[in-house]
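Before any comments, here is the structure.
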Amino acid sequence: MIAEFGQFALTLALVVSLVQAVVPMIGAYRNDGPLMATGYPAALSQLLLTGLAFGALTYGFIASDFSVATVAANSHSLKPMLYKVSGVWGNHEGSMLMWVVILALFGWAVAQFGTNLPPTLRARVISVQGMIGVAFLAFIVFTSNPFMRLDPAPFDGNGLNPLLQDPGLAFHPPLLYVGYVGFSMAFSFAVAALLEGRVDAAWGRWVRPWTLAAWTFLTGGIALGSWWAYYELGWGGWWFWDPVENASFMPWLAGTALLHSAIVVEKRDTLKAWTILLAILTFSLSLLGTFIVRSGVLTSVHAFATDPTRGVFILAILAVAVGGSLALFALRAPALQSGGLFRLISREGGLVFNNILLALACGTVFLGTLYPLFLEALSDGRDKVSVGPPYFNATFVPIMIPLVIVMAAGPLMAWKRGNLPNVMRRLVWAGLAAVAVMVWAFLLHPDGPWLAPVAMGIAAWLAVGTLTEWADRIKLFRAPLSDSWRRLKGLPRAASGMTLAHLGVAVAIAGMTGASAWQVERIQVARPGDVVPVGSYQFAFDEVTEGAGPNYNYRRAHVTLLRGDRVITELYPETRFFPVAGQSTTEAAIHTTGVADLYAVVGEADGNGGWTVRFYENPMVPWIWYGALIMSAGGFLSLSDRRHRVGAPQRAARKPVATSAEIVPAE
Amino acid sequence: MRRLAVLLLLLWLPAWPAGAVEPDEVLADPALEDRAREISKELRCVVCQNQSIDDSNAEIARDMRLLVRERLVEGDTDDQVVDFMVARYGEYVRFSPTIRFETLPLWFGPPALVLVVVLAIVMVYRAQQNRSAHEGVRPLSAAERARLDALVEKLGGGEKPRSQGDPP
Amino acid sequence: MRRWLFFAPVGLFVVLGGVFLSQLLLGRDPSHIPSALVDRPVPEFVLPGVEGRDGPAGFATADLQGSLSIVNVFASWCVPCLAEHPLISGLSEDGYRVFGINHRDKDAEAAAWLRRHGDPYTGVGADRDARISVEWGVTGVPETFIVDAAGVIRYKHVGPLTPQLLEDEFMPRIRALGG
């Protein structure tokens, strides 16, 4: 009954989204207030209806209603409750449902909070959100119905996959989807602005918070997924340049570029056509990711490959959304007047440089991900190549190096016309730090790859350069501390957010460098009593015990981690076998020191009293996640800035009694 | 994240490797073993989803790893080992495609794009300069500059142009 | 010129969409790999026979010359191999020379399997460590090759044979090669 109710809500949502897509748009063209006003109730009811449908599916999972096909295929009565719930979005149908709920949430948010937008722009944005809703609701209703019934219902479900019963994996999709779908706002604003024929500084101000919110969540989602791979995979890999990973990384790169170019639109009223294009491309890449993952063109997904309906449907959505918006761009964008002028050496110049390199990086990932497909299509299946980590490392890293170098200098530049010698003088400390770290890293690891100390130096350059800018802003050490404190309080949160985010990049780069270049690995057969030296640590292999967990059997090794004579900690790596699912998982034991991870995995017995063991010292790895956390924190801090709150600028302007105290923090 | 595929599709689910290389494969000579590992990272496991033979615990990946080591012990160069594999499994096993006519866009696309962008910037920049010459934009005079700085300072100095007035 | 630049993104997208559409509609399987060995001479190898099997011992490169032959990679532990086995036997009954590469198998089990399900092979080589399978570019079992009279590999199929496949892909090629 509940499932039918969900099905009904979903179908109704499709109808409502049609109204939302059409009526406000007509209203905007006729400048008809009442027609435009239908946007709000439509967006609200779409949110409620999709929310109800999602609730109905969640109920099916919680209550283990195996007469619902999605539940039967992806849940099991013995699963812990947490994973029953995460099972809702741990499958194709449910994840698409979550997609449209988030989409509706954003659509509602702009209807609710966008009261300061010009009414026609707001109506058009709501309408474009509605169109995306129509497409994906139709996709769900016609090809991926999550409420399909099974008759007779099976006694129990099939979804006992032990790999999916993991918090890291359970919670990264929602983050990722908020990111992907959040970029739909930038897209809707871009399409609406093209229809309006007007892009100005205000547009830049409106589109930024939405993009920033999406970016912040996407950063968190990517990092969480990478972390999961790191601890679950069993050998410390954290990034594989897999098509599915690239599908989430491309929107991130484009979104990062968009964040920065929107600043130029807001502050200097220029780079408009480019920013609009980026807004369209960022969401298009999110859609492309959805297509790649679910159509089976790149990743071999056996069941889908035999049923191309879903793939063709998403391709049709892509054709309308991406093709349509790019065609609109081609027709309307040339008319956009570009505003302010600037020199190459200026803040804008730095941001343009950032944009070029990010776009280039994104283009490289795009090319590497899709080129095999092109070649296969062009050669009619005769020529298949693989593009893997060696290609991406060879092309991506050289693009990142200049980007990061300029990243430290950019925020120090003045708008319009920068003073390079002045900026270089202020970066003296950063330069010294870079050289010092480079030398230090080289002395620590003289045998490692030469690029690693260079990359560590660049990370230090960025970190110190970023902090210099922040310190200069509050005149740290150059004015009395109380004065600095007053300035810090007056500093816009968006500025501190930028500092944090850039700092996070520096930390993450240091982490990635260390992890890629200086890993120490020992793979061998160990017997109880053996001590295995790994880097400056020793892993003492004490014993192996076997036992049973709640729904698995385990083989657990007891390993003592030593450094010299000092016992650091005890590690208990496990191999788990799940008899019902017929699968094994490895549970690595990880001890983190903050600057390195000590990582232990136990494998098979060799039959002569020994076990295969894998011990690793992974230097700097934790910094990858610290860096991502700092980046996300920077995003949230910036979002909390009063100026970023939708509507804040206008409201402040409408209040003539605003005190100066209110104006000052907002510059 | 590769595991995202698992999550989203739940359709292909091999048991995950706890690392692939087994102790009995490892060569006694550490230099040779290091070369073997590097070569293994360049070779794709032909039955896996985007995994190198170094990462995969598929049987064929193990066969290929053993063969890589066998060739190295027999004195092959790194390139010879890779060519040996390519002769049997095709270009597909290279994770880094060779540069040939069909892969020119892959390798030279990004640098070509840089050139195009640089050219575009130069063009736009020239156009801008022409425009600014027409509109007669001139730099601020010292007096205007001082007035502007004073104004900006009064407003809290958030984004003021620091380049000229500010002491370093 | 500048105006046309704005059409570049949509143009690129149309190309991309076309590629996607063709891949989807042609139903190409991303896990399919074109064989590197087609139209190349068979690799140099010598395979010993399966112990316990009746009939001649193993086979080697030289055995594949002189007349057309089918080379089938199989194993006793491989379920799809059993499914295609009647078709392989049928080829043999029709008078074609069929050789078997017994892939990563125990000799006793392979011999028992052949006794139970019939032995259509002119020669069976025991490739116990899959070393020769790698020489043949084998990615899994079963796989089936057509080798012409000059000892050149003409066709390769990955996965089990089906009557449909036999009719559409194998027989026309075999006839064209004069087999």
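Figures for the structure shown
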quantity	calculated
Proximal lysines to A:K272, defined as alpha-carbon separation beneath 18 angstrom and excluding residues fewer than eight positions away on the same chain	A:K416
Extent along principal axes [Cα atoms of the range A:171-415; Å; largest to smallest]	53, 39, 38
Full-extension gain in nm, A:R382 to A:A479, via 0.36 nm per residue minus C-alpha separation	28.0 nm
Evaluated at q = 0.04 Å⁻¹: base-10 log I(q)/I(0), Debye formula over Cα of the protein assembly as shown	-0.23
Distance between modelled label sites at C:D54 and A:A605, nm, 7 Å Cα→Cβ extension	4.3
The protein assembly as shown, dipole about Cα centre (Lys/Arg Cβ +1, Asp/Glu Cβ -1), debye to the nearest 20	6120
Overall Cα dimensions of the range C:36-176 - principal axes, largest extent first, Å	38, 31, 26
Within the protein assembly as shown, percent of DSSP bridges classed antiparallel, to nearest 5	85
Simple label model, 7 Å out from Cα along Cβ direction - A:W429 to C:A62, nm	8.2
Proximal lysines relative to B:K41, as straight alpha-carbon distance under 22 Å, when same-chain residues fewer than 8 apart are discounted	A:K384
Whole-Å distance, taken between Cα centres, linking the range C:27-100 and the range A:71-120	52
Nearest 10 degrees, 0 to 90: helix C:79-93 Cα axis against chain C principal axis	70
Amide H contacts of A:E587 (H built 1.01 Å from N, under 5 Å, at least 5 apart or other chain)	A:E574, A:T575, A:R576
10 Å-binned pair-distance histogram of the range A:249-292 (Cα, whole percent)	33, 46, 18, 3
Of the DSSP H helices in chain A, those whose Cα atoms cover at least 15 Å axially and whose Kyte score averages 0.5 or more	A:2-30, A:39-62, A:92-113, A:119-143, A:167-196, A:272-295, A:347-378, A:389-409, A:428-444, A:451-473, A:493-517, A:621-639
Ranking of A:F374, B:F108 by count of other Cβ atoms within 10 Å, fewest first	B:F108, A:F374
Computed Rg/Rh of the range B:17-93, alpha carbon atoms with Kirkwood Rh	0.93
Ellipsoid semi-axes in whole angstrom, largest first, where each is sqrt(5λ) of the Cα gyration tensor of the range C:110-152	21, 16, 10
Packing-based order for A:482-489, A:82-89, using average beta carbon neighbours within 10 Å, highest first	A:82-89, A:482-489
Cβ-based exposure ranking for C:H103, A:H445, C:H85, in which fewest neighbours within 10 Å come first	A:H445, C:H85, C:H103
Exercise: per-residue mean of other protein chain Cβ atoms within 10 Å, B:111-121	3
Residues in the range A:331-375 reached by a label modelled at B:F101 [backbone nitrogen below 17 Å; 7 Å Cα→Cβ]	A:375
A:I62, C:I33 arranged by Cβ crowding within 10 Å, fewest neighbours leading	A:I62, C:I33
Shielding by partners - mean other protein chain Cβ count within 10 Å, residues of A:314-324	3
Segments A:137-146, A:185-194 sorted - mean Cβ within 10 Å per residue, highest first	A:185-194, A:137-146
Proximal lysines relative to C:K106, as straight alpha-carbon distance under 28 Å, when same-chain residues fewer than 8 apart are discounted	C:K156
Whole-number percent relative contact order across chain C, with pairs defined as alpha carbons under 8 Å at least 6 apart	28
Other protein chain Cβ atoms within 10 Å, averaged over every residue that makes up A:237-249	4
Amide N of the range A:423-442 lying under 20 Å from the label point, which is placed 7 angstrom from the Cα of A:S536 along Cα→Cβ	A:436-442
Expected-Rg normalisation [2.2 N^0.38 Å, Cα atoms] applied to the range A:1-60	1.32
Cysteines in the protein assembly as shown lacking a second Cys C-beta under 4.7 Å	A:C362
Rel. contact order, % - alpha carbon contacts under 8 angstrom, at least six apart, chain A	11
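Rule-based calculations on the coordinates, nothing more; no lab input. Owing to the predicted nature of the structure, the values given are computational and were not obtained by experimental measurement. Here the Cβ is made from the backbone with ideal geometry for all residues, glycine too, and neighbour counts use every protein chain on show.
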